[in-house]
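Worksheet for the structure shown next.
The values are calculated or read from the model by the stated rules, or taken from the named source; none is laboratory data. Worth saying up front: this structure is predicted, and the values here are computed from it rather than measured. Reconstructed Cβ throughout: ideal geometry from the backbone, glycine too, with neighbour counts over all protein chains shown. To get the accessible areas, we keep the full protein, side chains included, count just its heavy atoms, and leave off ligands, DNA and RNA. Shrake-Rupley method; radii C 1.70, N 1.55, O 1.52, S 1.80 Å.
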Amino acid sequence: MTSRAAAIATWCVLAGAAPVSAQSVADVLTFLLTNQSVATGSVERDRAAAQATSDTIARALRANLATLPVPASPGAFAVRLDPRLGTVERVTQTFGPSFVDRAQTTGPGQAAFSLTFQHLRFQSLDGTDLRDGSFLTTSNQFVDESKPFDVDRLTLNMDASIVTLAGSVGITDELEIAVAAPIVSLQVDGVRVNEYRGRAFTQASAHAHSVGLADLTVRSKYRFAGDGASGVAAALDLRLPTGREQDLLGAGSAAIKLSGIGSIERGSVSAHGNAGVSIGGLARELSYNGAVAVAASPRVTVVGELLGRWIDSPGDIVPVTGPHPTIGGVETVRLVPGTETLRSLVVVPGFRWNLTDTWVMAGSVAVPLTRAGLTASFAPFVGFDYVLEH
């Protein structure tokens, strides 16, 4: 065994091979990314690059959790009082989308509640798999060789389960108030392995699990124009910093979102579009969403949704190569944050099923169409809406 390999093995036995349970998710990411063994000749640059990579992953996690698009306002039924008959009747034939908001309000004096569940199994960062051990963080390579001789690789398993409790109340025909409270269970497991001349050494491992309330959302929606199921509305969302920032459950500061909403329904088909801008919180954000809902039967609606987001914050990580300061003919590769802002586009096919007169079940799966940032291969969604009867 070379002196280099012996030194790594000794270090692993004394310091890094045992699992470490840190105080927070942010601590675990920092530990895994800054605990390196590749000799690059510049500790300061290594530390700065590793911390920047940790911050980028943490920011990507918050973009998926702290600023996660909340389900649409509860109330699959939009009802109105018919003054001629004195009875309450449904305004729409479809039960609407799960994430894209409708211009219709719940109705005066009408209250609705929902319980939804989502699971995110994060698979890749900027298209690089995080779970198969191929995520290279630091390496040394001779310029005349095709592969690095000394490399640190990271395996990072991150899973989030999100339960959202929401409720809405119709104040008037035009005004509706809603509240959404997401509760997140986030689990992170990571292992860093150093490979030197074909020999692999487990350098560090860590685990963190956090459960808590993410950022609470209070929404008001006002319909300006429209008749029946079609109309134009505006919504104002206030996202409160109730989630723990160190566990990446919250953005750390309040955010305000102003959205425009349009809906049109013709018979058994409805279409909905949202566009919004957010300030505060993690960063400025633009969202653009659309949905089509088709009433396949009086009790079943088939839905297709498209969710787009642009976040004015660096969301990528790029490798940077530079000459080794002390070893001739060797180049060092480090990860550093890129300059690209985070853009994402997700398609969500699903259904809504009227189980009873006042209960509607929703099911869908979100599939990313872009590879930027932290992504899951797919994310299942299940929800239940309940409307209080008059």
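Taking residues in region 327-341 that are small (Gly, Ala, Ser), and partners anywhere that are open to solvent by 50 Å² or more (accessible area, probe 1.4 Å) and in a loop (DSSP other than H, G, I, E, B), the pairs with Cβ atoms closer than 9 Å and at least 6 places apart or on different chains are Gly329/Val143; Gly329/Asp144. Does region 357-378 contain any residue that is open to solvent by less than 50 Å² (accessible area, probe 1.4 Å), aromatic (Phe, Trp, Tyr) and within 21 Å of the chain's Cα centre (by Cα)? The answer is no, given that none of the residues of region 357-378 is open to solvent by less than 50 Å² (accessible area, probe 1.4 Å), aromatic (Phe, Trp, Tyr) and within 21 Å of the chain's Cα centre (by Cα). For region 281-314, a residue qualifies if it is assigned to a strand (DSSP E or B) and open to solvent by 40 Å² or more (accessible area, probe 1.4 Å), and the qualifying residues are Leu286, Tyr288, Val292, Val294, Ala296, Ser297, Val300, Val302, Leu306, Trp310, Asp312, Pro314.
Which of the residues belonging to region 253-276 are free of Cβ contacts under 8 Å to residues at least 24 places away in the same chain and surrounded by 15 or more Cβ atoms within 10 Å (Cβ to Cβ)? Ala271, Ala275, listed by residue number. Does Thr172 qualify as being hydroxyl-bearing (Ser, Thr, Tyr), open to solvent by 10 Å² or more (accessible area, probe 1.4 Å) and touching a Cys at 6+ places or on another chain (Cβ under 9 Å)? When the stated conditions are applied, Thr172 does not pass them. Summed over region 176-206, residues that are part of a strand (DSSP E or B), in contact (Cβ under 8 Å) with a residue 60 or more places away in the chain and surrounded by fewer than 16 Cβ atoms within 10 Å (Cβ to Cβ) total 2.
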